Amino acid sequence: MLLNIDKNIIIADVSAQLQQELTLALLAADNAHKAATDDQSVAETQYDTLAIEQSYLAEGQSRRVDEIRAAIKSLQSLKFEQVSNKTCVMMGSLVQVEQDIIKRHWFFIVPAAGGYRCQISHQGVSINITLITPQAPMGKALLNKELDDDVILSVGRNNIRDFITDIK
């Protein structure tokens, strides 16, 4: 199938997912902060650790908020004009391996938000896209490979072999 997808649509879809997650993370961070500073959280004995636990939770939630914001910014700053060489996998490439042709599944190499998935419709057909970063095992296996190159992914003690069938 001839695939001509506007990658900005994928970025917009995933950015919307991240924005929803950011809203929830902000609420959770705010609630955790309020709980950590609440009068009810004051330690009554040396063994009462509720306030400490709440402050750790608040700190973790705040870090998550920062990570989501950074992911949104990183995705939205990705420029696709840089992907001129469609025979080599690089940042911003859409890549399909042979085992995923029937599933209509593609990997999208991005700087952040690895693991997020989206589904778009192209010429009446649903295309499944998984975002991966260069740090992910599959990202490492694909990056800088060319069309028809073998890809070997090590999962535990097993090696999964495949080859690249398309790069956009």
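Add +1 for every Lys or Arg and -1 for every Asp or Glu among the other residues with Cβ under 12 Å from the Cβ of ILE72, and state the total. Don't skip to the end; give the middle numbers.
Numbers: positive: ARG69, LYS73; negative: GLU21, ASP66, GLU67.
Local charge sum for ILE72: -1.
Checking the cross-link filter: which lysines have an alpha carbon closer than 23 Å to that of LYS140, excluding same-chain neighbours under 8 positions apart? Within the straight-line limit of under 23 Å, LYS140 reaches these lysines: LYS7, LYS73, LYS79, LYS86, LYS103, LYS168.
Which three semi-axes in whole Å describe the equivalent ellipsoid of the range 53-123, each the square root of 5 times a Cα gyration tensor eigenvalue, listed largest first? Don't jump to the answer; show the numbers that get you there.
On the way: eigenvalues 203, 53, 21 Å².
After scaling each eigenvalue by five and taking roots: 32, 16, 10 Å.
Between the Cα long axis of helix 50-76 and the first principal axis of the chain there is an angle of about 30°, rounded to the nearest 10. Assuming charge only on the beta carbon of Lys and Arg (+1) and of Asp and Glu (-1), the dipole of the chain about its Cα centre is about 640 debye to the nearest 20.
Longest stretch of the chain clear of exposed loop sites (GluC sites (Glu not before Pro), DSSP loop, at most 16 other Cβ atoms within 10 Å, sites excluded): 82-168.
Highest mobility in the GNM of the chain, judged by mean-square fluctuation with C-alpha springs under 10 Å and restricted to GLY92, GLY124, GLY115, is found for GLY124. Computed over the chain with a Gaussian network model linking Cα atoms closer than 10 Å, the most mobile of LYS73, LYS34, LYS140 is LYS34. Residues considered: GLY139, GLY60, GLY114. Largest GNM mean-square fluctuation over the chain, using C-alpha springs under 10 Å, is found at GLY60. Under a cut-off of 15 Å between alpha-carbon atoms, report the aspartates and glutamates in cross-link reach of LYS34, not counting same-chain residues fewer than 8 places apart. Cross-link targets: GLU53, GLU59. First measure r as the distance between the Cβ atoms of PHE80 and THR23, then evaluate 1/(1 + (r/R0)^6) with R0 = 22 Å and state the FRET efficiency to the nearest 0.05. With R0 = 22 Å, the Cβ-Cβ based efficiency is 0.20.
Put a dot 7 Å past the Cα of ARG157, heading toward its Cβ, do the same for TYR56, and the two dots end up 3.5 nm apart.
Given the alpha-carbon gyration tensor of the chain, what are the semi-axes of its equivalent ellipsoid in whole angstrom, ordered largest first, with each equal to the square root of 5 times an eigenvalue?
On the way: eigenvalues 331, 68, 34 Å².
For the chain, the ellipsoid semi-axes come out as 41, 18, 13 Å.
Values quoted throughout were computed directly from the atomic coordinates according to the rules given, and no laboratory measurement underlies them. These numbers come from a predicted model, not from an experiment. Please note: Cβ atoms are built from the backbone with ideal geometry, for glycine as well, and neighbour counts cover all protein chains shown.
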